[in-house]
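A quick write-up on the structure given underneath.
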């Protein structure tokens, strides 16, 4: 099918392009990009994009889809549907499924389920270690051949520094990035929220910022030692931002992401023992929030990912100390990210880079640009559409969202994957 998108504001950070243009999609690829009216309309389906942003398909590089093993929380199909509703044409799913994605058979299963769903592209992230137990390395060559795009033990950080060193060296052989959950489990102990004034007032055990920062420092030093490539996930503290900024200035091969809840919420959201605000790493202080915004503004942080972590009532409707960590974010991520644009923290070009161009580059997957020949993955965004978050309308199976009832400005109104419209509010 031939699809012509007309008169949209095309934003393509890969080419530093921000201009009103017409975009032609044919045979699953970007076929042409021309001034408005220059591409013939006859015989083509026309999508009028007047007043809309036309961006390369958004890519969420950190989600949990729960299948196989916990399908009551989410499936690959429902997660992919939530993704396209939120404007994401691709998602990278973490390996902490049941069984863990540490084998080519699980990787292939994920890809088969995604193909059957026919919605967002799903990029499997395989486990750094067998079973994510941090004892023996997985078979990286087999995993990459099966379709894994990166490696991570997210949720179960690699505590053994020697194993992490070997992982960095082994991953270089296959040019696979390591996506690192930086947390010292000994320092975290049985903490359930950020350690500080609020945790003291609530009588909850705290997790110090140092639990994240000492592991960020360790992994950056191991990257220096091995000349390996690391990506620091869900950065939440000002100390981590400073460490990453320094490492980049020193030429280390490091990239980093944060999540929307770390620049929109603080530890104060936990008051009332709100289990939907229980995340890992925990929500931090107002000063940390400011540092995260500055890290996004100055390029220290390369990407924004939702860390979409679905849980059911069994895990969340319990005492705070017993509740699972995590919130869902695929359907609120874009609206929360656009708050940064409306507030003047980052430009629209930066926002698209953080949500599309940079994730594609870090993961080494196609997309992140609207150049001719690139995949026809496109997100149409209405920057000014106001909407109220209602978890009961979500495509996700789960409802653990602390943003329910918020009014956001900016929303994806059409998501196109491979030239096919997979979600539309037009």
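Bear in mind these aren't lab numbers, they're just calculated from the coordinates by the rules spelled out. Since we're looking at a predicted model, the values are computed, not measured. Virtual Cβ from ideal backbone geometry, glycine too; neighbours counted across all protein chains shown.
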Hey, fewest Cβ within 10 Å first, where do 268, 67, 201 land in order?
201, 268, 67
Degrees between helix 333-342 axis and first principal axis of the chain (Cα, 0 to 90, nearest 10):
80
Fewest Cβ neighbours within 10 Å first, please rank 321, 103, 333 accordingly.
321, 103, 333
What order do you get for 341-353, 32-44 when each peptide is scored by the mean count of other beta carbon atoms within 10 Å, highest first?
341-353, 32-44
In degrees from 0 to 90, rounded to the nearest 10, what is the angle of the helix 286-297 Cα long axis to the longest principal axis of the chain?
40
Please find the FRET efficiency linking residue 173 to residue 29, where r is the Cβ-Cβ separation and R0 is fixed at 41 Å, and quote it to the nearest 0.05.
0.85
Counting only backbone N atoms under 17 Å from a point 7 Å out along Cα-to-Cβ of residue 1, the residues of segment 379-401 in range are 379-380
Antiparallel %, DSSP beta bridges [both residues in the chain], to 5:
50
Ellipticity estimate at 222 nm from DSSP helix runs (n ≥ 4, -39,500 (n - 2.57)) divided over the chain, nearest 500
-8500 deg cm²/dmol
Expressed as an acute angle from 0 to 90° and rounded to the nearest 10, what is the orientation of the C-alpha long axis of helix 238-249 relative to the principal long axis of the chain?
70
Sort 207, 381 so the one with the fewest other Cβ atoms within 10 Å of its own Cβ comes first.
207, 381
